[in-house]
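Heads up, the thing below is written out as structure tokens.
Values in this text are rule-based calculations from the coordinates and carry no lab data. These numbers were taken from a predicted model, which means no experiment stands behind them. Glycine also receives a Cβ, built like all others from the backbone with ideal geometry; neighbour counts cover every protein chain displayed.
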Amino acid sequence: MDINSIPVITIDGPSASGKGTIAQLVAKKLGFHYLDSGALYRLVALKALQADINISDENKLAKIAATLDVFFENDQIYLENKLVTDKIRTEECGVMASKLASFPRVRESLIVRQRAFRQPPGLVTDGRDMGSVIFPDALLKVFLTASAEIRAQRRYKQLIEKGINASIVELQRGIQKRDERDSKRSVAPLQQSSDARLLDTTSLSILQAQNCVLEWYRECCTSERV
């Protein structure tokens, strides 16, 4: 089977925009595989933190990215056979992941690993450069966003539900800083590509956002058959 014929839906967007939640729901509805690309960068960050590696050491970080001993099972993520699903979701990991994502060698080390997730019957993936860099031939590209205030509220709710203390003010400040850093980096900056459809979820429910993506996908499939 030609791997390029396997349908891909990419959902890119800024931190805490809800792209991961929407991508997982859409993947489940379609029976597709799911890739959380951000988790790979967070895993590199976690491993670097554990090994006390300097965030400016691009060579060592790239080596970690190329040799990560990781596997995904249902909703759980394992690093060196240890469950790290919650550990990689801390703000510390998120900030470090954003910084190391600006290094070309780190990104190059993860490209092949990300593209390997493209398997039948299809793939739904979320991140910041999934449609622009990793899967430029994706059948449907979505750029999902929401206001910084709403994103901070969503992230706060997630952390509190996991028993992690947080401050909405600090979360919003961190989100705004990360937006600026991600959009201004020289390698694969966060931006809406010309062929991506914008979905602002500020005033949408999860179900509404999910249905919107599914409807767009059906439209793309219909157009492709014509």
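Key figures for this structure:
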| read-out | value |
| --- | --- |
| Residue 208 versus residue 158: modelled label distance in nm, points set 7 Å from Cα along the beta carbon direction | 2.1 nm |
| For residue 199, distant residues with modelled amide H under 5 Å away | 143, 144, 145 |
| Computed over segment 94-226: relative contact order in percent, which uses C-alpha pairs under 8 Å that are six or more apart | 32 percent |
| Dipole of the chain, positive direction: furthest Cα of 72, 176, 211, with charges on the beta-carbon | 176 |
| Lys, Arg +1 and Asp, Glu -1 on Cβ, resulting dipole of the chain about Cα centre, debye, nearest 20 | 200 debye |
| Separation in nanometres of the label points that stand 7 Å from Cα toward Cβ, at residue 82 and residue 186 | 3.5 nm |
| Total charge dipole magnitude, segment 167-226, about the Cα centre, Cβ charges on Lys, Arg, Asp, Glu only, Debye to nearest 20 | 240 debye |
| Charge dipole (the chain, unit charges on Cβ, about Cα centre) - positive-most of 56, 34, 23 | 56 |
| Expected-Rg normalisation [2.2 N^0.38 Å, Cα atoms] applied to the chain | 0.98 |
| Residues whose placed amide H lies under 5 Å from that of residue 139, excluding near-sequence neighbours | 8 |
| Proximal charge balance of residue 158 [Cβ under 13 Å; K/R count +1, D/E count -1] | +3 |
| Sequence-separation-based contact order of the chain, relative, with Cα cut under 8 Å and 6+ spacing, percent | 32 percent |
| Debye, to nearest 20: dipole size of segment 1-106, +1 on Lys, Arg Cβ, -1 on Asp, Glu Cβ | 100 debye |
